[in-house]
Structures are given as structure tokens and as C-alpha cells.
Amino acid sequence: MIPILWQCRSAVVVVKPAGLSTTSPPGTASVEWRLREQLDRADGFLSAVHRLDRDVSGVLMIALSKKSARLLCEQFAARRVSKTYHAWVQGRLAPSASGAAPERWSDHVRKIEDVARGEVCGPDAPGAKVAETDVRSIRYDEAFDRTLIELKPITGRMHQLRLQTASRGHAILHDPIYGPAPSADPIALTAVSLAFHDPHTGVRTKVSFDRQINDPTDT
């Protein structure tokens, strides 16, 4: 069962498990496919209005009508949806001062042709796009030399958070693409909250997923 955190008659917010694609061709396992069965919507509209990487877990919004899909996609395009992630990254980042504004990370990134990965590049490189993320350091774990950070992406580039952390020497733990070594453990990156306007009422709504992300001390 896909856990449902919030729902109205035209949309639901669910918890996507790590290792499961957001979308897929018919008959192939994905969040959309499972929800069609779970919500008995084999003949009804159901569509994810944004994506989480297959490796990443956390909050994901699904539209249940074409109208709500259009309204929600417009919110994402206009950057009126606020997404928050937590990640364990390698090394030490000094804790952010209480009440201080987050640090804004700004880079240019691009997709590498013919492979499912990207890279940080110069502003004049072909295909370069601006990637911006607000970052707070929550706490440093000296025993494992890793830091728990909060990431709020302003833009939505492919692998944005994974690229920005890795390019600064603080790759997300267990990242199979940008980490220093392969790992069988799920990437330590979780989408923990989503704030949006309810497509039915227009009321500003925040849905949170209160769960500790993948942590080496759990194993």
C-alpha cells in the first residue's frame, strides 16, 4: 500500500518509497500504477504532477482530475509550490544559526547527453540552466563525519540537489550516481514536505512526512 498523507476529491499527497519509479509504462510497477489499483481508478484520471527520482523517497502529489492536474502544474511552473528535503551528506557543514536566512546555492547545470546524469558547468556551456537551492545545516554527526541538511529547491533541474551537494564535496550518502563509491543502501535523501494551494479550495496547504531519513546508524 502507498501511504496517503492528505487528500481531497481532486488530488492526493502520498509517500513514495525509495526504489519505485513515479511513473512507468502500463503494467510496470510505479507509484501511479499502484495507486490506480489501490484507489480503484482503473478507468479514472490519475497523474503525478511532479517527479521524485527512483532512488528518492518522500512526499509526492498526484492529481485525480485533468483540471486539478492543470492547476497544480501551473503552480509548479510559477514556483508557488514549496518543496523541502532532508539529506545526510558527507563531511561537516557548520550548523546554521537559529533564525538566520538559509544559504542560497546557485549553479549552472546541464544534462549529459545519452546518460541519466547531469553535471555542474559554466554559464555559457551548451544546455546550461540555472539551479538554485536554499540550504540549512541542521546538525553534524562527528562519529560518522556527516551532516544532516535541509534543502529547499527554487528551481527544478534534473538531479539538482544531488549535483549541488556533490559538487561542493558533500555528496549525499549512498548516492549511486554522484557518490564516491557504490552502495546497496537507499540514497539518504527524502522529500519531507510540500506546500501548495489546494486545487479545490485554493487554501494554502502544507503536507509533511515526519520520518527519519535513511541513516547509517540504523543498520
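The values are calculated or read from the model by the stated rules, or taken from the named source; none is laboratory data. Note that the coordinates shown come from a computational prediction; the quantities given were computed from them, not determined experimentally. Cβ coordinates were reconstructed from backbone atoms using ideal geometry, including for glycine residues, and neighbour counts include every protein chain displayed. Heavy atoms of the whole protein, side chains included, go into the accessibility calculation; ligands, DNA and RNA do not. Shrake-Rupley method; radii C 1.70, N 1.55, O 1.52, S 1.80 Å.
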> Got a number for residues in region 154-189 being at pLDDT 95 or above, small (Gly, Ala, Ser) and surrounded by fewer than 18 Cβ atoms within 10 Å (Cβ to Cβ)?
Replying inline: 2
> Out of region 40-78, which residues are acidic (Asp, Glu) and open to solvent by less than 70 Å² (accessible area, probe 1.4 Å)?
Replying inline: Asp53, Asp55
>> Just the residues that are of a type in the set (A, V, I, L, M) and either open to solvent by 60 Å² or more (accessible area, probe 1.4 Å) or at pLDDT 95 or above (or both), please, taken from region 79-110.
In response: Val81, Ala87, Val89, Ala94, Ala97, Ala101, Val109
> List pairs: first in region 120-135 and closer than 24 Å to His86 by Cβ, second open to solvent by 60 Å² or more (accessible area, probe 1.4 Å) and among the hydroxyl-bearing types (Ser, Thr, Tyr), Cβ under 8 Å, 6+ apart or cross-chain?
Replying inline: Val120/Ser167; Val130/Ser106; Ala131/Ser106; Glu132/Ser106
>> With under 23 Å from Ala191 (Cβ atoms), in contact (Cβ under 8 Å) with a residue 40 or more places away in the chain and more than 17 Å from the chain's Cα centre (by Cα) as the only criterion, which of Phe76, Phe144 stands out?
In response: Phe144
>> For region 102-119, give me each residue that is without any contact (Cβ under 8 Å) to a residue 12 or more places away in the chain and among the charged types (D, E, K, R).
In response: Glu113, Asp114
> Quick one: which of Glu37, Glu32 is farther than 18 Å from Val81 by Cα, charged (D, E, K, R) and either touching a residue at least 60 places away in the same chain (Cβ under 8 Å) or surrounded by fewer than 18 Cβ atoms within 10 Å (Cβ to Cβ) (or both)?
Replying inline: Glu37
